[in-house]
Each structure stands twice: as C-alpha cells, then as structure tokens.
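Only the coordinates and a few stated rules stand behind these numbers; no lab work does. Please read all numbers here as calculations on a predicted model, not as lab measurements. Positions of Cβ are generated from backbone atoms using ideal geometry, with glycine treated the same way; all protein chains shown enter the neighbour counts.
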Amino acid sequence: MTLLDFLPSLQHAATTRIDPTVWPLTARVDDLGRLTVGDVPLTDLADQYGTPSYVLDEKDFRRRIRDYRALVPHAEIVYAGKSLLTPTIASWAAEEQVGIDVCSEGELAAALQGGFDPSRIVLHGNAKPPSLLRQATAARVGRIVIDSPIEIAFLACETPRPQPVLIRVTPDIDIHGHAAVTTGVTDQKFGFALANGQAEQAVVRILKQPQLILAGVHCHLGSQIADPELYGEAICRLIAFMADIRSRHGLTLNELNLGGGHAIAYRSGDPTLHLAELSATITDTLEQACIAERFPKPRIVIEPGRAISGHAGVTLYRVVAVKTQPGGRTFVAVDGGLSDHPRTQLYGAKYTVALANRHPIGATQTVTVAGRHCESGDEIARDVDLPTDTHPGDLLAVACTGAYHHSMASNYNMVVRPPVIGVHHGNATEIIRRETVEDLLARDVAWQKRHRSFDALLHGE
Ligand SMILES: *Cc1c(COP(=O)(O)O)cnc(C)c1O
C-alpha cells in the first residue's frame, strides 16, 4: 500500500507537478511521491553523488535532436556546444549525426575528444585568439566563421591548406520585445553590418585570398526567439545580400546559416519556438526570396543550443535553511546558488522548482529559493510555490538547467562546482565528477610546492 492508494487525489497532484513542456522527457513522480528522471529517483542520485548536482536525461537530449531532424528536415543541424559541452555530451551529439559549434580551445578539445569528425566542427567567436585559429586549422575544422577583418588577414597567411569559411553578418533585425538577448542588430560587437557595406567589403577581402574558400553566410539573431517570422526576415535579407554578391562578384554562395536562439519554456506557459512553424517559415520564405532574387536555393543550417540541451537538465539542491523575514518573504535557502545557477542573476531568468523527495501534501506558500553565496541577488527562483512544511533536508529540483548552467558555472566564494550525472533507462553515470577543495587549491603554486589535502589542513597537519 502506498499513500496514493489512500489518497487518490494525490495522483492528480503528482501528475500536475510535472509539466512535460518544462521538465525532461522522462520526468515522472513515483508512488512514494519522489521525482524520477531516466527512471532513477532523484533522491537516490542526491544520496549517491551529493548536492548540488546537475542531472542530465540522455534520452531527452537525443530526442530533441531527433525532433529537429523530423520537424525541420530541410535544415542541417549544428549543436551549439557553448550551451553544454563535455566530451561525453559531444559524443552523444556526434552519434546523433549533427555538427557542432565551438568557440574556444576547451570546446574544440571536448568536441574532438567526443569523436567529432573535424569537418563537422564550426568555429565561432568575435575575438578568436591567433592560437585558437591555428589550432582550428591544424585540426581541419569544417568552417571558421569570420567575424573581423584581422581574421581574414591572419587566416590567409597562417592556414596550412585552403580553409572553408563563412562570413558572419548582422542583418539589423531587432528582436527586442521578442526575446532576451539580441545579437543581430548593428550596434553590438558581433559580425559585419549589412547596412553600411562592411559585409560586402569583407567578402571582397576574402575573395582575394586564395587560401580562403568562402562557403556562405552566417547570422545569429539572439536568444529565446519564439517568433519564426524573425528567421524569415533574416532569410529575406541574407538572400538579397547573396544575390548582390553574385551580381557584383560572380560568386554564387551555397550555404545560409541562420544561427540559433530558439526559445524554450522555463516555466509553464512561456512562449516557445515551434519547430514545425519554423520549418514552414524557412521553406516558404526561402522559396519566395529565391524566386524574387532568381537565386538558387542554398543549403540551410541552423544552430540550436538551449533547445537541445536545456530541458534535459535538472539541478538538485538540498534545503539548508528556511526563514520568513520581517518584510514577509519566506526564503528557502539551498546548498548551491549563483555559482552553479547564474542565469537568474545575469538575466532575471525565471525557473520552475519542485519538491523532489516526497509528496507535497497540504497547503503551499509562495517563496524565494535563495542560494548560499554572499550576494543579495543570489536567488535561484522568486515567487515559486512550495509546501508550507518545506524544511531543511528536503530535496529540491530546478527544471530546465541543462543549458548555460554547467557551462557558465563559477567558483565564486571558492565553492566547488557540481558533478554532471547522466541518467538513462534506470542507470546513472557520472559524466563530470564533483570538484574537490584540492582541485580549487591545485593551481596555487605555493600549494603545489607544499601539497596538503583538505583533511590534513583541517587537522593542522
Ligand atoms: C549562442 C549561439 C548559438 C546558440 O544559441 P541558443 O540560444 O543556445 O540556441 C548559436 N549560434 C551562435 C553563433 C551562438 O553564438
């Protein structure tokens, strides 16, 4: 007999705890009221690996890629590694046969270690250090996305063999009021502006370099874009640009990369980009724009990051303290915070939190889930409903933390970073282990000379 047999209404409460548009594909509530992901109770993971921990649903990650393949069949998919990348995750993406975006030596190494064919690697960045450009050409990456004139000069001299490149342009599409972060407008650091002829000048410079092969055009409008028409607008502007290049320079480019930024729901009801709508918009707009410019249809490439890795991740925290302040707000403080969960502080992002270790019986109250760091802005989620009896020792799960959490985590306050635990078909695998205090000390040159474990330090040895 479980509690559900006595209280059938709990079943309803249990299922409504897990909105499938927010939580990982395999998230469930078991008979004991515990949240499970990948058929593993989160309480078991917390017991085995400690808290805070990032949990990653491998099935969810792979399914998102397959959804792109099924619903946007005419586009090539390149996974934006900056959202979440480890060698293991790179290997999942490689097995799902997508390409990968990298923008640093670490991401390049993770992609190669994960088994990526270098020809499927795309190198991005507005300030790629010369060493990174050298490493990328040595690895024979498939595309380097040119972002400034100096890169053209440098690559032309340094690449040991002809290097395919894309040119990143800013189509001047303002997604403000539509989405969270804007990069496709002219007044920012990325790319070459279409409007004032800079993009065309860059094309001319690339064409003069026999070692550079201009494969096509790239743009990235920003993040959390839910309106497919913005991508349609980008297609119109970029096809017009490609038609201009053809008429002035006799070169017909064959690749149009629309970047990423596809919106996902962090909370129930958040606007999301529907892939079928995106696909229809791409197909229709491309058709019309190419007819209007009498231009042959180029290959379309898209670069989702968050929309592949975001929902797969859940962060586990242990409640450490609960208190109600004189202002009336109740704070549920946990054993992590802005070091492992930076987006609330950075962007005012809003998250979904659930009690993970038991049935939430009885009344709920609206609380702020706060972190452990020495910053008043260290909040994980404000105004979330948790049971009034939430107490130290309870386990909380925060949804939608697969993207830009592990990859943006810091050691602020000298806290160790959480492990990444993969779950799949009832099994848990440690993908990244928890950092240790010794890891934190390891780069200190004096510590290297007089090596003492944390334990030895505690005991004055
Ligand atoms: C960040 C980025 C992406 C991915 O953005 P998401 O919001 O995670 O989809 C894709 N392309 C480029 C060039 C980026 O900088």
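Some observations on this one:
- Flagged links, alpha-carbon separation over 21 Å, of Lys128/Lys189; Lys82/Lys128; Lys208/Lys297: Lys208/Lys297
- Ranked by the mean number of other Cβ atoms within 10 Å per residue, highest first, peptides 284-295, 44-55 order as 44-55, 284-295.
- Hull-based mean projected area of the stretch 135-285, where the convex hull spans the alpha carbons, in square nanometres: 9.9
- Contact order relative to length of the chain, as percent, for alpha carbon pairs under 8 angstrom and 6 or more apart: 19
- When each of the peptides 72-83, 138-149 is scored by the mean number of other C-beta atoms lying within 10 Å of its residues, the order from highest to lowest reads 72-83, 138-149.
- Taking the Kirkwood radius as Rh and the Cα radius of gyration as Rg, the chain has a ratio of Rg/Rh equal to 1.01.
- Distance between the stretch 62-80 and the stretch 217-274 - C-alpha centres, whole angstrom: 16
- Straight-line cross-link reach from Lys350 at under 12 Å between alpha-carbon atoms covers these aspartates and glutamates, not counting any fewer than eight positions away in the same chain: Asp270, Glu379, Asp383.
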